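The values are calculated or read from the model by the stated rules, or taken from the named source; none is laboratory data. Predicted model, so just to flag it, every value in this text is computed and none were measured. Counting neighbours? That spans all protein chains shown, and the Cβs are built from the backbone with ideal geometry, glycine included. Side chains included, ligands, DNA and RNA excluded: accessible areas come from the protein's heavy atoms. Shrake-Rupley method; radii C 1.70, N 1.55, O 1.52, S 1.80 Å.
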Amino acid sequence: MTVLQEELKRPESATAVAWAVRTGRLAAVTLIESLLERIKALNPRLNAFTRVLADRALREARAIDTMVAQGRDPGPLAGVPFGVKDNYDVAGLVTTAGSIVNGDRPPAVEDAVLVRRLGRAGAILVGTQNMDEFAYGFTTENAHYGATHNPLDPVRTAGGSSGGSAASVAAGLCSFALGTDTNGSIRVPSSFCGLFGLKPTFGRLPRTGTFPFVHDLDHLGPFAREVADLSLVYDLVQGHDPGDLACADIAPEPTQGTLGKPLPGPAALLGGWFDDLADPQGREAAALVAKALGATARVTLPGAVKARAAAFVLTCASGGNLHFEALRDRAGDFDPATRDRLLAGTLIPANAVLQAQRQRALFHQEVLAAFRRHALLIAPATPCSAPLLGQPTIRVAGEDLPTRPNIGLLTQPLSFVGLPVVTVPVRNGTMPIGVQLIAPPWREDLALRAAARLERDGVARGPGEFV
Amino acid sequence: MTDKSEAALGPEQVEILGRLAGIAIHPDHLPGVVRNLGVVLGQAALLFDPPLDPLIEPATVFRP
């Protein structure tokens, strides 16, 4: 066990923290002061936070304590500290999205919608967190802001692109965090850091006040150490917002009261692409989850290979389009690892982009057909557990492939069609690995139910018992 | 695996493509762009084999 691991004592869950603050057993100011000390001690080695908002956090903590003293309701997340990826707007700060290219943008005038909703629930924002530049990566090795280190083994990547958020939660530097997931950027860091992560259905959560990457693939979602926390946070940030045109105008569908319910139908293990490209640990983890959920059937999605290719093409083209002016005028300011891919994205033939969109329509039909027979699908989240920082290749299906673009092989086909996915941590190796619980559109509740059952049964475990 | 199927484009061709797109790619950046464009075109090639029915509807469809 490393010195860092020795220091990673198990923090209380968000639910427990809120209860203690709401009942006056714990002052929010005391909690936040203690947490700021912890961040000060550990963050230099993890590089998870890019900006620590001590003044704001203490101000909000004092307000919470005042409400408690006055007998007013401070909210269901009273005093609970959280962080956000650097592509969320925070009032008064420039939204860097992990890049100095955004440095001359004006500071945000208000918090992102999800941050505001959490603030109304009593949660306290303690800082912004490191990411791959413009969310284009899976390792959070950022040329401008440095690499984020995995708290479970600091020589390894925390995953990306929401690596700072995942590392913060895994290290107990905040109770939960918000990330974004375009091709796997919540699910990959969840897998590598041993956390529960939720990527909801496309269109479920409003992205208002976040910096985009690929408009038609971008999702927001939380990381947490326990399923109850994940569910609570998710419930509190649901709801339509007209600022995001892709956000569905549907009422919130709370999940907290459903966590103990059984699945309404059988689960199935995904084979083919999702089995072939997983390593033995990932395959075993998925099998353990399948067994615990009583999933005996195996389903293949033959379109997955093309769905991944199409997601790859659309992402590159969309990123190139989004950053076209900056690439034309100041390409030298980009992180080289991002720059060359985005420049390539500006050169992709329209024919390929349109073909990718057609592939999406086909794969959409294919996965919907699978959900007519199964309530939930199961697949490994990553082809391997956390690689070393700077590791050039990973071994996939007997081949050495470049690390950065291939960590998302198993996540990309699923976000491409906007499915809700909860990643659960399975600890069947030296490092944990994530398993994806994939639900039909709008049925986040089913993935959360399954995650809760796996947690209860000890098949999936957050970081508490690991350190 | 798909990363093998890189399209054979040289720096000169990529530089010309850049100019057509309205971007002057710095010579120092060209090798990385050539490599990455090769990878993404390799992925794109998968989407054309076999060709898709051109009548597949890619548009957003509203159903009452």
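Would you say residue A:82 is surrounded by 24 or more Cβ atoms within 10 Å (Cβ to Cβ) and assigned to a helix (DSSP H, G or I)?
Judged against the criteria, residue A:82 is not a match.
What tally of residues in segment A:373-409 results from selecting those that are within 14 Å of another protein chain (Cβ to nearest Cβ) and of a type in the set (S, T, N, Q)?
Count: 3.
Of (1) in a helix (DSSP H, G or I); (2) modelled with pLDDT of 95 or more; (3) over 25 Å from the mean Cα position of the chain (by Cα), residue A:321 satisfies all except one. Which?
(3)
List the strands (runs of 3 or more DSSP E) inside segment A:147-253, counting only whole elements, that have at least 2 residues being crowded, with 23+ Cβ neighbours inside 10 Å and at pLDDT 95 or above.
A:176-181, A:196-199, A:219-224
Filter segment A:425-439 down to the residues that are of a type outside the set (Ser, Thr, Tyr) and in contact with a Ser or Thr (Cβ under 8 Å, 6 or more places away or on another chain) and list them by number.
A:425, A:429, A:431, A:432, A:433, A:434, A:435, A:436, A:437 - these are the residues of segment A:425-439 that are of a type outside the set (Ser, Thr, Tyr) and in contact with a Ser or Thr (Cβ under 8 Å, 6 or more places away or on another chain).
Test residue A:315 against the stated conditions and say whether it is among the hydroxyl-bearing types (Ser, Thr, Tyr), open to solvent by less than 50 Å² (accessible area, probe 1.4 Å) and either closer than 17 Å to residue A:412 by Cα or at the interface with chain B (Cβ under 7 Å from one of its Cβ atoms) (or both).
So residue A:315 passes the test.
Please specify each residue of segment B:14-31 satisfying the condition of being more than 8 Å from chain A (Cβ to nearest Cβ), within 15 Å of the chain's Cα centre (by Cα) and open to solvent by less than 60 Å² (accessible area, probe 1.4 Å).
Correct list: B:15 only.
Quick test for you: out of A:352, A:370, pick the one residue that is on the phi < 0 side of the Ramachandran plot and more than 9 Å from chain B (Cβ to nearest Cβ). Before you say what the answer is, go through the steps one by one.
On the way: A:352 fails: more than 9 Å from chain B (Cβ to nearest Cβ).
A:370 is the lone residue from the list that is on the phi < 0 side of the Ramachandran plot and more than 9 Å from chain B (Cβ to nearest Cβ).
Which of the helices (runs of 4 or more DSSP H) contained wholly in segment A:1-70 include at least 3 residues that are closer than 15 Å to residue A:169 by Cα, among the aliphatic types (A, V, I, L, M) and at pLDDT 95 or above?
Passing ranges, in order: A:28-46.
Which pairs turn up if I take residues in segment A:247-274 that are closer than 15 Å to residue A:370 by Cα and among the acidic types (Asp, Glu) and look for partners that are open to solvent by 30 Å² or more (accessible area, probe 1.4 Å) and in a loop (DSSP other than H, G, I, E, B) with beta carbon separation below 7 Å, at least 6 apart in sequence or on another chain?
Between residues of segment A:247-274 that are closer than 15 Å to residue A:370 by Cα and among the acidic types (Asp, Glu) and residues that are open to solvent by 30 Å² or more (accessible area, probe 1.4 Å) and in a loop (DSSP other than H, G, I, E, B), there is no close pair.
Hey, among the residues in segment B:40-49 that are more than 7 Å from every other protein chain (Cβ to nearest Cβ) and open to solvent by less than 80 Å² (accessible area, probe 1.4 Å), which one's nearest to the chain's Cα centre (by Cα)?
B:41
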